[in-house]
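**Student:** Here's a structure for you.
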Amino acid sequence: MKNIQLGQSDLHVKPICLGTMTFGAQVDEATSHNILARSLDAGIDFMDTAEMYAVPPRAETYNKTETFIGNYFAKNKGARDKWTVATKVAGPSRGMDWIRGGAVNNNGQTIIDACEASLKRLHVDVIDLYQLHWPNRHVPQFGMAYYNPKMENHESSGIHEQLEAFGKLVKAGKIRAIGLSNETPYGVHEFVRLAEQHGLPRIATVQNAYCLVNRTVENALDETMHRLNVGLLAYSPLAFGLLTGKYDDLGVDPAAGAAESTGRLSLFASMRAQRWGRPEALHAAKRYNQLARDNGMTPVQLALAFCYQKWQVASTIIGVTTVAQFDECLKAWETPPLSKDLLKTIDQIRWEERDPAL
């Protein structure tokens with residue numbers, strides 16, 4: 001498994017990244033440390049976390065994931081030097097009062113203060129990749145389909161101010177590279193344009209949802225990232241479990257029935273209210289899952305092979321709750337290249353189902 005350079009940065013990472021948002025919600029601290037150890041043993045030394053995690057976001061789990069990881073580093077001498085660590089500063093948090101009082105703005109000082117807090121929780125001196133979890137400005141995200149200029153947040157600080165804060169952190173040696181998440185083509189262009197115009201840090205990555213039931217990255221963002229040399233970190237490649245087949249027999253409601261009571265869509269009502277819980281998303285996922293079986297694969301193999309083998313993706317983020325799940329996701333890397341006929345069928349299903357989990 002060759003390392004991939006992230007954008008124009010000096011970061012070179014594996015094409016598989018360990019996602020950690022389950023640590024502190026579905027995964028206790030001991031299990032999270034076991035997963036981290038197993039990942040490192042398997043050669044996957046790139047991890048992604050966030051100050052907001054665990055997911056779903058709640059006051060009682062805020063900062064828990066970073067804390068678990070920090071305790072792992074403190075407990076295992078020398079482990080930090082073996083990892084590439086990515087984390088994120090939360091965006092405007094209206095409705096989540098436990099994140100900086102539910103502030104509607106993410107200014108430069110907020111970014112600096114949040115970074116300092118993450119450094120302490122993680123027990124590290126430097127963060128390799130520091131990302132904006134979602135934009136400061138209004139954009140369609142987390143299940144919203146359309147941009148509406150009337151919803152613009154006029155109190156928000158601009159991209160230039162945010163880049164200046166990143167510049168201070170880079171200059172101080174507290175972060176190595178920067179990235180975005182849940183971003184649009186416009187946002188990527190502006191961050192690159194202003195960075196180059198003012199000699200500020202250039203974004204290396206964008207972390208957006210990308211999977212069989214949400215390929216919106218391919219609606220212009222992929223061209224933007226390709227031309228500007230920005231790497232895609234694909235999150236939710238298994239669509240919150242929809243593309244594992246675990247919900248296939250539960251009708252149109254992932255919460256119905258007793259099966260898979262440990263799945264996120266079964267456990268957390270807030271997740272069902274978002275894009276992954278839509279009946280249309282479940283319907284499309286069932287078609288892809290059956291396509292996998294018809295071609296001698298598990299749904300997990302098809303879903304992950306699709307991401308692992310797409311030119312658009314620099315690294316795929318896999319989130320797990322057990323070591324066994326990690327091993328299953330890692331094994332999918334060995335899936336032979338998907339045939340042209342199979343890819344054509346995948347595209348046909350997308351044409352009919354569109355992107356129901358956008």
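**Student:** Among the residues of region 93-116, what is the count of those that are of a type outside the set (A, V, I, L, M), buried (at least 20 other Cβ atoms within 10 Å of the Cβ) and outside any helix (DSSP H, G or I)?
**Tutor:** 2
**Student:** Let me ask something else. Name the residues in region 139-157 that are modelled with pLDDT under 85, farther than 25 Å from residue 214 by Cα and surrounded by 12 or more Cβ atoms within 10 Å (Cβ to Cβ), would you?
**Tutor:** 153
**Student:** If you don't mind, there's one more thing I want to ask. In this structure, is residue 2 under 25 Å from residue 333 (Cβ atoms), without any contact (Cβ under 8 Å) to a residue 60 or more places away in the chain, surrounded by fewer than 18 Cβ atoms within 10 Å (Cβ to Cβ) and in contact with an Asp or Glu (Cβ under 6 Å, 6 or more places away or on another chain)?
**Tutor:** no
**Student:** In region 30-79, which residue that is among the acidic types (Asp, Glu) and surrounded by fewer than 16 Cβ atoms within 10 Å (Cβ to Cβ) is nearest to residue 275 (Cα to Cα)?
**Tutor:** If we take residues in region 30-79 being among the acidic types (Asp, Glu) and surrounded by fewer than 16 Cβ atoms within 10 Å (Cβ to Cβ), then 60 is nearest to residue 275 (Cα to Cα).
**Student:** Now for a separate question. Has region 43-51 got at least one residue that is assigned to a helix (DSSP H, G or I) and of a type in the set (Asp, Glu)?
**Tutor:** No: zero hits.
**Student:** Let me ask you something else. So which residues in region 37-54 are without any contact (Cβ under 8 Å) to a residue 40 or more places away in the chain, within 21 Å of the chain's Cα centre (by Cα) and over 19 Å from residue 111 (Cα atoms)?
**Tutor:** Residues satisfying the conditions are 37, 45, 47, 54.
**Student:** All but one of (1) crowded, with 22+ Cβ neighbours inside 10 Å; (2) within 18 Å of the chain's Cα centre (by Cα); (3) of a type outside the set (Gly, Ala, Ser) hold for residue 358; state the number of the condition that does not hold.
**Tutor:** (1)
**Student:** State whether the residues of region 186-199 include one that is touching an Asp or Glu at 6+ places or on another chain (Cβ under 7 Å) and of a type outside the set (S, T, N, Q).
**Tutor:** No, every residue in region 186-199 fails to be touching an Asp or Glu at 6+ places or on another chain (Cβ under 7 Å) and of a type outside the set (S, T, N, Q).
**Student:** Name the pairs: first residue in region 149-175 and at positive phi, second residue not in a loop (DSSP other than H, G, I, E, B), Cβ to Cβ under 6 Å, at least 6 apart or on different chains?
**Tutor:** none
**Student:** When residue 66 is evaluated against the numbered criteria (1) in contact with a helix residue (DSSP H, G or I) (Cβ under 8 Å, 6 or more places away or on another chain); (2) assigned to a helix (DSSP H, G or I); (3) over 24 Å from residue 19 (Cβ atoms), which criterion, by number, is the only one it fails?
**Tutor:** (3)
**Student:** Given the conditions (1) modelled with pLDDT of 95 or more; (2) surrounded by 22 or more Cβ atoms within 10 Å (Cβ to Cβ); (3) in a loop (DSSP other than H, G, I, E, B); (4) in contact with a Lys or Arg (Cβ under 9 Å, 6 or more places away or on another chain), report the number of the one that residue 10 does not fulfil.
**Tutor:** (2)
**Student:** So which residues in region 13-42 are among the charged types (D, E, K, R) and part of a loop (DSSP other than H, G, I, E, B)?
**Tutor:** Passing the criteria: 14, 28.
**Student:** Is it the case that residue 192 is over 15 Å from residue 111 (Cα atoms), of a type in the set (A, V, I, L, M, F, W, C) and either out of contact with any Cys (no Cβ under 6 Å at 6 or more places or on another chain) or part of a helix (DSSP H, G or I) (or both)?
**Tutor:** The answer is yes for residue 192.
**Student:** If a residue must be among the polar types (S, T, N, Q), closer than 30 Å to residue 31 by Cα and in contact with a strand residue (DSSP E or B) (Cβ under 9 Å, 6 or more places away or on another chain), how many such residues does region 306-352 contain?
**Tutor:** 5
**Student:** If only one of 214, 208, 219, 182 is touching a helix residue (DSSP H, G or I) at 6+ places or on another chain (Cβ under 6 Å) and not acidic (Asp, Glu), which one is it?
**Tutor:** 208
**Student:** If you check residue 84 against the conditions, is it farther than 15 Å from residue 326 by Cβ, modelled with pLDDT of 95 or more and surrounded by 23 or more Cβ atoms within 10 Å (Cβ to Cβ)?
**Tutor:** no
The values are calculated or read from the model by the stated rules, or taken from the named source; none is laboratory data. Quantities reported herein were computed from a predicted structural model and do not represent experimental measurements. Cβ atoms come from the backbone with ideal geometry, glycine included; neighbour counts cover every protein chain shown.
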